[in-house]
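Beneath this line is the structure, given in structure tokens, with notes to follow.
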Amino acid sequence: MSELSDKVRTTVAIDSNAKLLAVHAVVEESRLLLKQASLYQDPAAAARTLVTELGGLEAVLGDGDKLRQVMQQLDVSARITIETVSSLLSSHLDKGPQRHILQPDLRLFWNKHYAGEAEVPWFAFWTDFPALLKGNPADTAMVDELGRLLADEAARAAFVRAVERSNRESISVWELKVAFSGDEGLLEQVSRMLLQVAAIGAHSTNDTATAAAMANVGALQTVPAYGGTGGVAPSIVTNTRCQLPPMVPNYVGRDKEATVFLEHLRTQGSLVLLAPGGMGKSCLAADVAWQMLRGGWAPGGALWVDLREASSEMEVEMRFCIALGLQQEALGNPARILAAIKALLPQSSPAAAGHCAESEEALKWQVPLPGALLVVDNAEDALLAEPQDNGGETAGGGICKEAPAVRLLVTSRTPIRLTSSSDSVTPSGHPTLLLPEQHVGAIGLGPASELVRVVAADLTEVEARTVAEACACVPLVLGLVAEALVAGRLALQHAVVQLAVFPSTFDEEAAAAVLGVTQPQAQAILALLHRHSMLQHGGAGTGGGASGRQQFIMHMVVRQQAMQMGRQLDPALLPVAEGRFVGSILGLLTEWATMYGTAKQWRLALAMACDRQADICRVLELIGGSSSEALGRGATSCLTTDNQGTAGTARSAPAAAAGGGVSLEAVAAALTTAEALDLLYDLGSTTQCLEAASRWLLARVTTGNQQKDLARGSFLYLAAWLNLKAGHYQVAEVYQRQALELRRWVLGTEHPDTATSISNLASCIHAQGRYAEAEVPYQQALELRRQLLGEEHTDTASSMDDLAGCIKAQGRYAEAEVPFRQALELRRRVLGEEHPKTATSINNLATCISAQGRYAEAEVPYRQALELRRRVLGEAHRDTATSTNNLASCINDQGRFLEAKPLYQQALDMRHRILGEEHPDTAASINNLAICVKALGHSSEAEPLYRQALELRRRVLGGEHPDTATSINNLAACINDQGRALEAEPLYRQALELRRRVLGVEHPCTANSVNNLAACIKALGRHGEVEPLYRQALELRQRVLGADHPDIAKSVSNLATCMSDQGRYSEAETLHRQALGLRRRVLGMEHPDTATSINNLASSINDQGRSSEAEPIYRQALELRQQLLGKEHPRTALSMNNLAACIKAQGRSSEVEPLYRQALDLRRRALGEDHPDTAASINNLAACINDQGRSSEAEPLYRQALELRRRILGEEHPSTATSLNNLASCIKALGRPGEVEPLYRQALELRQRVLGAEHPSTIQSINNLASCIKAQGRYGEAELLYQQVLELRQRILGQEHPDTATAANNLAVCVKAKKKKK
């Protein structure tokens, strides 16, 4: 089957591109190249020619006679039926997920039983496999033997561990591609896999099931003995996790050093091997690692991380993440890497049996026994790159300190000198090294001569010794020189030069694309290069199976020499390889992007892209100009382009061989599709490279014909997209308008790419706060996509979501909820439940629900979106930061401020690191954190945050943006809360004018500003101005939001409170009942705002002296808040306080004090000691005690409240004045008149400064001062003050207000007392 599959693959490859002559030329070149090695034989040349003559594969599959002719040309055995050939051909032509599986039996099996699925649950797989392989044209005996091997749970568990790479619940076609090669039978690969699992498991565990698994496969084959000098240890992933590379065939001469280093790792800890390049330290490290693993000293596994050319922190993190099976994220990687390394350690220490001596030695050195091994190759100074988010702790230092049982074996050309941060020193006084260093020298002359003769067998002993002496016994130089003696062919050198383009590991499929040959040819070339030490095995990757695709890597020294040699041989050689490399990756990116837009393959696409993330970044660097020769090499492109400018499929490797260049048009077609950008965005760490590539492409591309115009339009679109993500909205709009103009010109108005540009232009306008203007192009894009793509397309869902967001931004929340829900349901159908865009829809729907005041309902989808984004995109993705911020806002809106604050801080920290200081989202996080800090009562701490957010928004968004207006409004609110109403008023007016200008008079935010300005003026006591503004806000909200919006109830409630302040209690009660009815209808009975309305209604009734009627309503509000918000919520404390005041008004003093104390305790727990509400509770408790005649007990509480308010709110706050006034009243009751008058005067002067001369509280202070003076018998002075109070209340409150009547009475009493004294 393997042989037949190989022939079918080559047949398919040639038919797809019809490049017979080019392929024959390449085949001939390959034959010459491999003349002294294994000659490559084309197994299907005649069949390919016949397929072409018969009209192509589709024609052959549709005609039984033609298929029989092809079978005869394939020259396969008689047992292979037409069904077999037809199935194989169909599985290669079908573009379903199974196309990724290399092993033919597995490919046919998957295509037959799981067609269209990218992954299936393990339980489903085991139900069908291997029994249903018999449904394939497979060997029955082979299937029976597989069934026997996989009959028990231990064998299946070993199979799972060897294959799985990510999701432990399912198996994917990608994992099968990695785990199984296409050039070997399935039975042989499975049996070897299980045997290797059993071999290592037997050393590291006493599991009898493992021993049974070994017995099952023992009859099939044996593991070659592995010694320290020679035998090739396979690269496997087993019960003991392993990624070690196989030993090179000509490895010799290191037994003594290996023994010393192995003993150090066992008993003393981690180690660094130091040597110049080419000394063989990597091979020595592999030797030691294999011996440690085979000896059972790494029960948690042995991993290999190659840091060659990883010069940046991001690249170092990427290599570690790939080795550990993690997705690299924008931040937080060091902590995640360290956690994954710790997770390698087994639950219990290695069994001491058989290792007693080593155990005692380890105890002597005060180190734990080894539990796992991590080999870091080619570390140099990369290991010392300072992480940004773990306090400067280096990777090596963190592992040594926090996971010493994970042994580090590091190879480096330069000393690392990683020392302990403690005071420990060596006997010579030097700091203790966390990673002791050992120098590796050249091998001995004898082993060096042996190495030369292993490679060049025709040399005599004398000649080999001469070569060894000339090479100074340096292993790599020995191998290269010996190989040069044997294989000095030009074509081999060309292959090495071209493969130097890879930044990290690569497989035969990737090599074929860069070399421009078929995969069988590439396989032969790679085998030859590996045999001659030009390449090393790079391991099977993270979790790759024992028999999977073989990874190769080029040593840094070889790479440098190859590049230098390439410039000498042919300066165009490397640029051609770079062009093929770019074309290959762009072709894959196009394929992955298409998959990413499907429900069944998006996760597979994301995993495959993550696996090639280093290659993607390298391609973007090449495109960005670091090797400009890679582009623009004429019309030959590695991608096909149709007449509409959309990318087609990648050409086969033979087709790319002829040219190697990549046209700008092809780059535009592959890199700038919405699907490709979505995938790159969700990868998270490619944006920086993409920005550089965009700048270079845009500067390079010209216009002049349709294809060039289209490419320029695509690069303009890319530039706009990047600037939009970076928060440069005005720049993005300019680029997007240019892109739209070109696309309309080239593609026409009714093209999907034109619709995409219209949609993104709307996003640029929307981001600048011009919501009404953005709605028109959003609607236009939606209609176009419905017409061109249909209702069930992911782009149609995106347009629905965008339009809904625009409608919501204009305050039409109920209207927006419908398209939000439609977009979510559509994305669930088209993309599945866990796609990142589905998470976006869940998040957006939650924002709409929250905007309508349904906070508890919104919290559920907010948490769902956050969890989904964490799982799929990672902890440090910008979308995860957005979800964290939004969940914090929802929690904050429900009054759980202490719970919200760390989430706000986390979101802000993430945005600082991901987006930078100057991004609009960073400003939003600063603003939101300030909201939470202010809600906790720390207005003085919140103010600098509000100012920082405002200044940032002015810089980034400009002075005319809605978010800037929001920051001005919020700063005003913060200042107002600190009692600086006079300072807040001009800011409120500025925000109102800006919102009227930018958003229009009829926007909800404008209504909010009118309402806030009214509240500020109310705080200043100008009640005559307040009511018209509250009525204006109410009418505006009724027009804009409709009669049933929560903000309508808020406006009605505010207007009612305003009437209460004027003594119009009956009118206030009516409005409070109206607000309560609206909230019950819109929000439901069990909503915090409904409880607020119940509380306010009780207050309006209590104000009218109907305290007994108000009490049960207060109790209802209290019970509802306890139920909804909890007993520890600040509003619950407020209800307790109000209930106490109501009971106090009924004269039941004995019941009041416990409630006041309970409210105080609650506020201390919920808000802390230094909160204004806590100070208010202390003040209220003092008043309660004072009213009971316990003035001496009340005085220290009054003083405590005063000091607290001075510290929190400042000397110039109205509440500070209130405390001064109350303290004066208490001292007056204690009969110390000499102390009273100065306090009353201080309170009056403060209120006059802060609140103005006509504020009700200022008037009350005049009245209190008059009372104090009257009590001292100074009736003339008191009369003047009482007269002032009466005149002010008549003018401000009117003749009918109760306080006016009280003032008239006080004046009359004073005049009477004055007359009586006379």
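A few notes on this one:
- Here residue 318 qualifies as open to solvent by less than 10 Å² (accessible area, probe 1.4 Å), modelled with pLDDT of 75 or more and either under 18 Å from residue 504 (Cα atoms) or in contact with a Ser or Thr (Cβ under 8 Å, 6 or more places away or on another chain) (or both).
- Answer residue from the range 919-949, given it is among the hydrophobic types (A, V, I, L, M, F, W, C) and more than 27 Å from the chain's Cα centre (by Cα) and is farthest from residue 1170 (Cα to Cα) among those: 942
- Qualifying residue in the range 1104-1112 (condition: in contact with a Cys (Cβ under 9 Å, 6 or more places away or on another chain) and not small (Gly, Ala, Ser)): yes
- Applying a threshold of 8 Å to beta carbon distances and a minimum spacing of six or more residues, or different chains, the list of pairs starting in the range 1013-1035 at a residue that is at positive phi and ending at one that is of a type in the set (Ser, Thr, Tyr) reads 1021/1257; 1021/1258.
- Every residue from the range 981-995 that is surrounded by fewer than 23 Cβ atoms within 10 Å (Cβ to Cβ) and in contact (Cβ under 8 Å) with a residue 40 or more places away in the chain: 982
- Unmet criterion (only one of (1) buried (at least 16 other Cβ atoms within 10 Å of the Cβ); (2) free of Cβ contacts under 8 Å to residues at least 60 places away in the same chain; (3) not hydrophobic (A, V, I, L, M, F, W, C)) for residue 1147: (1)
- If you go through the range 1052-1065 and pick out every residue that is open to solvent by 30 Å² or more (accessible area, probe 1.4 Å) and modelled with pLDDT of 85 or more, you end up with 2.
- Any hit, the range 722-731, residues being among the small types (Gly, Ala, Ser), in a helix (DSSP H, G or I) and under 28 Å from the mean Cα position of the chain (by Cα): yes
- Going through (1) open to solvent by 70 Å² or more (accessible area, probe 1.4 Å); (2) under 60 Å from the mean Cα position of the chain (by Cα) one by one, residue 1244 falls short only on (1).
- Residue in the range 854-867 that is crowded, with 23+ Cβ neighbours inside 10 Å, within 15 Å of the chain's Cα centre (by Cα) and not charged (D, E, K, R) present: yes
- Residue among 1277, 1254 that is assigned to a loop (DSSP other than H, G, I, E, B), among the acidic types (Asp, Glu), farther than 30 Å from residue 1174 by Cβ and open to solvent by 10 Å² or more (accessible area, probe 1.4 Å): 1254
- For the range 1155-1198, the set of residues classified as buried (at least 19 other Cβ atoms within 10 Å of the Cβ) and more than 50 Å from the chain's Cα centre (by Cα) consists of 1182, 1183, 1184, 1185, 1186, 1191, 1194, 1195, 1197, 1198, listed by residue number.
- Qualifying residue in the range 443-457 (condition: in contact with a helix residue (DSSP H, G or I) (Cβ under 7 Å, 6 or more places away or on another chain), crowded, with 21+ Cβ neighbours inside 10 Å, in a loop (DSSP other than H, G, I, E, B) and at pLDDT 80 or above): no
- Looking only at residues of the range 1036-1050 that are aliphatic (A, V, I, L, M) and free of Cβ contacts under 8 Å to residues at least 40 places away in the same chain, we find that the one that is surrounded by the fewest Cβ atoms within 10 Å (Cβ to Cβ) is 1043.
- Filtering the range 1051-1103 to residues that are within 46 Å of the chain's Cα centre (by Cα), touching a residue at least 40 places away in the same chain (Cβ under 8 Å) and assigned to a helix (DSSP H, G or I) leaves 1051, 1053, 1054, 1082, 1088, 1089, 1091, 1093, 1095, 1096.
- When the residues of the range 1305-1318 are filtered to those that are assigned to a helix (DSSP H, G or I) and open to solvent by 100 Å² or more (accessible area, probe 1.4 Å), the one that is nearest to residue 1261 (Cα to Cα) is 1312.
- Scanning the range 700-711 for residues that are in contact with a Gly (Cβ under 9 Å, 6 or more places away or on another chain) and not charged (D, E, K, R) turns up 706, 707, 710, 711.
- Of note, residue 947 does not satisfy the criterion of being surrounded by 20 or more Cβ atoms within 10 Å (Cβ to Cβ) and of a type in the set (Lys, Arg).
- Residue pairs whose Cβ atoms lie under 6 Å apart, separated by 6 or more positions or on different chains, with the first residue in the range 1284-1304 and under 17 Å from residue 1261 (Cα atoms) and the second assigned to a helix (DSSP H, G or I) and open to solvent by 60 Å² or more (accessible area, probe 1.4 Å), are 1289/1299; 1293/1299; 1300/1290.
- Among residues of the range 277-294 that are over 15 Å from residue 443 (Cβ atoms), those with a beta-carbon under 9 Å from a residue that is basic (Lys, Arg) and outside any loop (DSSP other than H, G, I, E, B) at least six positions away or on a different chain give the pairs 292/266; 292/407.
- From 1110, 1068, 1117, 1075, residue being open to solvent by less than 10 Å² (accessible area, probe 1.4 Å), at pLDDT 90 or above and under 30 Å from residue 1189 (Cβ atoms): 1110
- Of all positions in the range 1203-1215, none carries a residue that is among the small types (Gly, Ala, Ser), open to solvent by less than 30 Å² (accessible area, probe 1.4 Å) and either without any contact (Cβ under 8 Å) to a residue 40 or more places away in the chain or touching an Asp or Glu at 6+ places or on another chain (Cβ under 8 Å) (or both).
- Taken residue by residue, the range 996-1016 has no member that is farther than 28 Å from residue 963 by Cα, open to solvent by 10 Å² or more (accessible area, probe 1.4 Å) and not hydrophobic (A, V, I, L, M, F, W, C).
- Consider the range 1260-1274 and keep the residues that are in contact (Cβ under 8 Å) with a residue 40 or more places away in the chain and part of a helix (DSSP H, G or I). The one that is most open to solvent (accessible area, probe 1.4 Å) is 1271.
- The condition of being at pLDDT 85 or above, buried (at least 23 other Cβ atoms within 10 Å of the Cβ) and closer than 27 Å to residue 316 by Cβ holds for only one of 515, 589, 535, that being 589.
- Boolean, residue 102 is in contact (Cβ under 8 Å) with a residue 12 or more places away in the chain and more than 21 Å from residue 169 (Cα to Cα): yes
- Filtered residues of the range 769-784 (kept if open to solvent by less than 10 Å² (accessible area, probe 1.4 Å) and closer than 23 Å to residue 598 by Cβ): 781, 782
- Qualifying residue in the range 743-754 (condition: assigned to a helix (DSSP H, G or I), farther than 20 Å from residue 681 by Cα and open to solvent by 60 Å² or more (accessible area, probe 1.4 Å)): yes
The values are calculated or read from the model by the stated rules, or taken from the named source; none is laboratory data. Keep in mind that what you see is a predicted model, and the values were worked out from it rather than measured. As a convention, Cβ positions derive from the backbone with ideal geometry for all residues, glycine included, and neighbour counts pool all protein chains shown. Areas reflect the complete protein model, heavy atoms only, side chains present, ligands, DNA and RNA absent. Shrake-Rupley method; radii C 1.70, N 1.55, O 1.52, S 1.80 Å.
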